[in-house]
Amino acid sequence: MLFSKKELNFEVPKVMGIINLTPDSFSDGGKFICPKTLKTDKNKVLKEIEKMESGGAAFIDIGAESSRPSASLISVAEELDRLMPILEDIKNINAVVSIDSSKGEVIFEAIKNGVDFINDINSLKDQKSLELVREHNLPVCIMHKEKNLSKNSICSEIGNFFKKKILELSKNGISKEKIILDPGFGYAKTSNENLEIISKFNYTKFENPCLIGISRKGFLKKLTKDTNLDQTSATTGIISLLNGAKIIRTHNVPLTATMIGEVFG
């Protein structure tokens, strides 16, 4: 699959490293904020990206707005203020760089600076975002985040959402081959529903590659009572990869990459 000018195959699942430039993300908020200036610590971020790449990350996912349930919405200006110091340097990153944003204005600046991939948890609901992805023919990840109000299983609902959204985006000029699917662990889902997705969701039903973002999710902590969730995150992620997912989004790249190597060779 082509990500701008970078090509990846998914014969072996790939690792996506998470860079949160936020003060309030659920597990690592403030990690890259300079305490003196309260601005993004560019050198610290670039060192972490370099560490992730050497640890096995094929993707680097950069976001500047927390999507946890109680997070405050921020303006375009604030999001860009956090992002721009890093976006200006992404040309030096060998991995595929994705921008984790739903705002058209932010996505515009990211594309202008050479981002390879759009990771939009709102699935291109913003018209400007949709137009930009279409114009630049970039891959996009769409995510299920709707509460299941039907009598169907959560796996069925996610599958229906994917089919509907792929058709909708295709009609709006987004190439089907450029769409990546994310079941949305933790978004408007009960712990039992999350467990059902882990154990039963068949990612191979879809021609599109599937991405899972299960790293350090709150439901894992509730179920395991574990304070260090990296091992649990990697183990449950591997189950999803065995069920056909192709990309795992993680805070701990070396651990996850090592486990993929052991399981998939």
Given charges at beta-carbon only (K, R positive; D, E negative), |dipole| of the stretch 2-258 in Debye
560
For Thr224, Thr204, Thr256, ascending order of other Cβ atoms within 10 Å (fewest first) is Thr204, Thr224, Thr256
For the stretch 133-179, Rg(Cα) over 2.2 N^0.38 Å is 1.30
Hull shadow area, averaged, the stretch 173-240 [alpha-carbon convex hull, nm²]
5.1
Write out the trypsin sites (Lys or Arg not before Pro) in the stretch 79-127 meeting two conditions: DSSP loop, and at most 11 other Cβ atoms within 10 Å of their Cβ.
Lys125
Enumerate the amide H contacts of Asp120 below 5 Å, restricted to partners 5 or more residues apart or on another chain; note that Pro and chain-start residues carry no placed amide H.
Cys141
Kindly state, to the nearest 0.05, the FRET efficiency for Glu168 paired with Ser72, given R0 = 30 Å and r defined as their beta-carbon distance.
0.50
Quick shape summary for the stretch 28-102, equivalent ellipsoid via Cα gyration tensor, semi-axes whole Å in descending order, reads 21, 14, 12
How far is it, in nm, from the label point at Lys176 to the one at Ser153 when both lie 7 Å from their Cα along the line to the Cβ?
2.5
Filter the GluC sites (Glu not before Pro) in the stretch 6-109 down to the DSSP loop ones having no more than 13 other Cβ atoms within 10 Å, then list what survives.
Glu11, Glu88
For the stretch 89-163, the percent of all C-alpha pairs falling in each 5 Å bin, from 0 up to the bin holding the max distance, is 3, 16, 25, 18, 14, 11, 8, 5, 2, 0
Semi-axes, largest first, in whole Å: what does sqrt of 5 times each Cα gyration tensor eigenvalue give for the stretch 1-62?
27, 12, 10
How high is the FRET efficiency between Thr235 and Glu146 when r is their beta carbon distance and R₀ equals 25 Å, given to the nearest 0.05?
0.35
Scoring the stretch 199-265 by relative contact order with C-alpha pairs under 8 Å, at least six apart, yields a percentage of 41
Just in the stretch 128-194: which trypsin sites (Lys or Arg not before Pro) are loop by DSSP and have at most 14 other Cβ atoms within 10 Å?
Lys147, Lys151
Stokes-Einstein D for the chain, Kirkwood Rh over Cα pairs, 20 °C, 1.002 mPa s (µm²/s):
115
FRET efficiency, Lys222 to Phe264 (Cβ-Cβ, R0 30 Å, nearest 0.05)
0.55
How much length, in nm to one decimal, is gained on full extension between Asn202 and Leu242, taken as 0.36 nm per residue of separation minus their Cα-Cα distance?
13.5 nm
Ratio Rg/Rh [Cα only; Rh per Kirkwood] for the stretch 125-263
0.98
How high is the relative contact order of the stretch 2-258, given as a whole-number percent (alpha carbon pairs under 8 Å, six or more residues apart)?
19
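Bear in mind these aren't lab numbers, they're just calculated from the coordinates by the rules spelled out. These numbers come from a predicted model, not from an experiment. Using ideal geometry, Cβ is built from the backbone for each residue, glycine included, and neighbour counts are taken over all protein chains shown.
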